[in-house]
1. Among the residues of region 215-228 satisfying the criterion of being open to solvent by less than 10 Å² (accessible area, probe 1.4 Å) and within 17 Å of Gly437 (Cβ to Cβ), which is nearest to the chain's Cα centre (by Cα)?
2. For region 149-163, state whether one or more residues are under 27 Å from Phe358 (Cα atoms), of a type in the set (A, V, I, L, M) and buried (at least 24 other Cβ atoms within 10 Å of the Cβ).
3. Looking only at region 298-318, how many residues end up being closer than 15 Å to Ala91 by Cα and open to solvent by 10 Å² or more (accessible area, probe 1.4 Å)?
4. Just to verify a result, which residue in region 170-192, among those that are open to solvent by less than 30 Å² (accessible area, probe 1.4 Å) and at pLDDT 80 or above, is nearest to Ile38 (Cα to Cα)?
5. Identify, please: which residue in region 193-211 is part of a helix (DSSP H, G or I) and under 13 Å from Glu438 (Cβ atoms) and is, among those, least open to solvent (accessible area, probe 1.4 Å)?
6. Do we find a residue being loosely packed, with under 14 Cβ neighbours inside 10 Å and modelled with pLDDT under 90 anywhere in region 392-399?
7. For region 192-216, what are the residues that are touching a residue at least 24 places away in the same chain (Cβ under 8 Å) and hydroxyl-bearing (Ser, Thr, Tyr)?
8. Just to check your reading of the model, which residue among Val448, Val477, Val424, Val417 is modelled with pLDDT under 95, surrounded by 14 or more Cβ atoms within 10 Å (Cβ to Cβ) and of a type outside the set (S, T, N, Q)?
Amino acid sequence: MPHASEGAIETRGLEPVPEDERTGHVRRLFPTWVAANISVLLLTMGAGLIVFNGLNFWQVLTVAVAAPVVSYGIVGLVSLAGKRGGSPGMALSRAVFGQRGNLFPGTLIWVARWGWETINAVTGAYAVLTVLDLVFGVKRNTPLIVITLLLFVACTFLVSGLGIGALRVCSTWSTYLFGAFSVLVLVYLVAHTDWSAVFDRPAGSTAMMVAGIGTVAAGGISWVPSGPDFTRYLPRSASGRAMVGSTVGGAGIVVLPMVLMGAVMAVGTPDLAKAQDPVSFIGELLPAWLSVPYLLIALVGMLLINSMSMYSAGFTAQTLGIKVPRAWAVSVNAVISLVLGFLLMVVATSFIGSFISFLTLLAVAFSAWIGVFGVDMLRRRTYDGAALMDTTRTSAYWYRGGFAWSAMAAWGTALVVGLLFTRVDWFSGPFAGTWAGENGLGWVITTVVAAALYAVLPRERTTAPAATPAEEEKLSV
């Protein structure tokens, strides 16, 4: 019989991938994480570092280098759990929080994905509207917004529903195409930019630079629980260092030039960072022969980002007890992103304000899980596949009443503490005015508190089998 991972549609869900199906290659991670960052929103973030944070070119360069190293370094490290357990990240999370306890961080992460998918769907729809305007002179209106949003979400649902094979193929080709057109844009900017104005900008504060790193890194942080989803087909012998390197390299090769391009564009066009529409400015700054194909390739990239997010969201939905095949579990998030996308495009007054607020809260929400799961990874070298799939009292990961109480306590406490240091447009924690809060370090505090508490609290007992010395050596990084 054919493997569940083969064919046009991936049929494997939460269950661990058998050893004979682990035929993946680490090199495939590079285009995967390139595709996860092909978004013109990075241009908007780069512009925001100039306009809102007041940074100069060299400080933006520091942010553009540090943010992907920090965030995707964490993605790469957590993705090691995928090759160890062979299951998606939120399924492996059952071993940490318990079969019932995992429902709490799982629900929060699932809801957070609604926002991320909505932001990407809206950006993709704006890209379509901009191309229609540039090529055919068609102006946007409410019916057209609905149609473009519907088409984008439908394409996302199709690709994510097909599974890992379709994502790999699309990621590889989009990497080549987007890379080629990004080089053309860079050449155009080099030739048409007033570089004296770029390099003469005064330096901003260190606090704003640190805050900028947090803002740009938040996008990468949101991928951390999904890391194992894309490594579970790798053999156990796959190099951990190569996995982390491919993850950071794939993300960094996109984030660095895109953020810098956005910053350079903003020097001559400060309104870029304040635009209601995060896409149409490309048509104003670049000639049509370059802006139209660039937007079309970026549209494919944003479709892939959303497809990858929905692909992981399908697993998360299954861990929450939605008993449908993975491909159909994706449809739940597709419908939600369609509804929320319409509200953001038609009702919301500020796209960039909503986007930055969302990124800030997203980072805190995911960081509490990261701190606990990360410490557990340091302690654990293997996962009991049968126990992961057994959601009854007989599971080795049932713990006490279905909860790993030390993990739950660390997660919940860290989440509350992190919010106390966080400020967004419509919410401000009581400690948001402190040094840590002003520097946007709420997500860092959340991670540290979660990790520290979980490390010192008594560890839950489990009947899961321990790894043999030979397995320990094989699974080591």
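1. Ala218
2. Yes, some residue in region 149-163 is under 27 Å from Phe358 (Cα atoms), of a type in the set (A, V, I, L, M) and buried (at least 24 other Cβ atoms within 10 Å of the Cβ).
3. Here is the first cut: in region 298-318, the ones closer than 15 Å to Ala91 by Cα are 311-318.
Within this subset, residues satisfying the condition of being open to solvent by 10 Å² or more (accessible area, probe 1.4 Å) are 318.
Residues in region 298-318 being closer than 15 Å to Ala91 by Cα and open to solvent by 10 Å² or more (accessible area, probe 1.4 Å): 1 in total.
4. Ser182
5. Narrowing region 193-211 to residues part of a helix (DSSP H, G or I): 195-199, 206-211.
Next, only the ones that are under 13 Å from Glu438 (Cβ atoms) stay: 206-211.
On the way: Thr206: 95, Ala207: 34, Met208: 58, Met209: 37, Val210: 42, Ala211: 16 Å².
Selected residue: Ala211.
6. no
7. Within region 192-216, Thr193, Ser205, Thr215 meet the criteria.
8. Val424
The values are calculated or read from the model by the stated rules, or taken from the named source; none is laboratory data. Since the model is a prediction, treat every value here as computed from it, not as a measurement. Counting neighbours? That spans all protein chains shown, and the Cβs are built from the backbone with ideal geometry, glycine included. Accessible surface areas use protein heavy atoms only, side chains included; no ligands, DNA or RNA. Shrake-Rupley method; radii C 1.70, N 1.55, O 1.52, S 1.80 Å.
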